[in-house]
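Everything below concerns the one structure shown next.
Just so it is clear, none of the values below were taken in a lab; they were calculated from the coordinates. All figures in this text were calculated on a predicted structure; none of them were measured in a lab. Virtual Cβ from ideal backbone geometry, glycine too; neighbours counted across all protein chains shown.
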Amino acid sequence: MRIARQGFGYIGFLAGAAILLALYPPTRVLSIAVMLLGLFVAYFFRDPDRTPPPDPRLWVSPADGKVVYVGPERAAASKRTQVSIFLSIFDVHINRSPLSGVITEVAYTPGRFLPAYREQASWQNEQNEMVLSENTLQVTVRQIAGVVARRIVFSKKKNERLERGERFGLIQFGSRVDVLLPPEVKVRVSVGERVRGGESALAEKP
């Protein structure tokens, strides 16, 4: 199983702690608990390969999780469609580009750490926003921190090109990803649906 490098520090620390605790009889039971926690952390940072659908008109989900909102963009006077995906601690947390395009804007905004499934999290929580441009179409992807997820990782830079399904970061331990789509595209998901990052069709461009 491939593991994201951001998890190595956590896994190494827990593995070392489990070994030290196992050396002393009074703490051997505790070492088992720490070892199990380390295994869960390794599971959390798993980074599976994904294959986008063959049709290039299909934009893919940027994250694994459950679709919790599909509708007009909230907290803004806009014609864009917002799709919000909630990631539990059991979902893969690697974020992937929904389309092939160039990063034209990147903006980090500090904020609160409300539960990521709440609608207010879209504009009140700490987040990192990326704008991708494909010809005349622009898509905004927001990585949003939650109660447990307090570290957003964004590994790309402005003016870099991303291919559809390419990894661009992750959010550690439970979070939310919002995608803001232009009105020209057709949304292919609905509330309650579970999606897979880099694989599930999120929208279809003209």
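Observations on the structure shown:
- Across all directions, the average projected area of the convex hull around the alpha carbons of the chain is 12.0 nm².
- Note on the chain: helix-only mean residue ellipticity at 222 nm, from DSSP H runs of 4+ residues weighted -39500 (n - 2.57) and normalised by residue number, equals -5500 deg cm²/dmol.
- Neighbourhood net charge (10 Å Cβ-Cβ; Lys/Arg +1, Asp/Glu -1) for M1: +1
- For the chain, the longest principal axis of the Cα atoms and the long axis of helix 8-22 meet at an angle of about 20 degrees.
- Summarising the amide proton neighbourhood of A63: residues at separation of 5 or more, or on other chains, whose placed amide H is nearer than 5 Å comprise R96, G197, G198.
- Phi angles of segment 48-64 translate, via the Karplus equation with coefficients 6.51, -1.76, 1.60 and θ = phi - 60°, into HN-Hα couplings of x, 6, 9, 10, x, x, x, 6, x, 6, 8, 8, 9, 5, x, 7, 7 Hz per residue; Gly and Pro are given as x.
- Close amide H contacts of R176 (hydrogens built in the peptide plane, cut-off under 5 Å, sequence separation of 5 or more or a different chain): L87, I144.
- Phi angles across segment 178-189 convert, under the Karplus curve 6.51 cos²θ - 1.76 cosθ + 1.60 with θ = phi - 60°, into 3J(HN,Hα) values of 9, 10, 10, 9, x, x, 6, 8, 9, 6, 10, 10 Hz, Gly and Pro given as x.
- Beyond 22 Å in Cα-Cα separation lie the following of the pairs K66/K186; K156/K205; K79/K158: K156/K205; K79/K158.
- Placing +1 on the Cβ of every Lys and Arg and -1 on the Cβ of every Asp and Glu, with nothing else charged, gives segment 58-204 a dipole about its Cα centre of roughly 240 debye.
- Neighbour-limited loop hits for trypsin sites (Lys or Arg not before Pro), segment 2-37 (at most 13 other Cβ within 10 Å; DSSP other than H, G, I, E, B): R2
- Close amide H partners of E166, meaning residues 5 or more places away or on another chain with modelled amide H under 5 Å apart, are S97.
- Considering only chymotrypsin sites (Phe, Trp or Tyr not before Pro) in DSSP loops that have at most 16 other Cβ atoms within 10 Å, the longest stretch of the chain without any of them is 114-206.
- Here the contact order of the chain, divided by its residue count and restricted to Cα pairs under 8 Å and six or more residues apart, works out to 26 percent.
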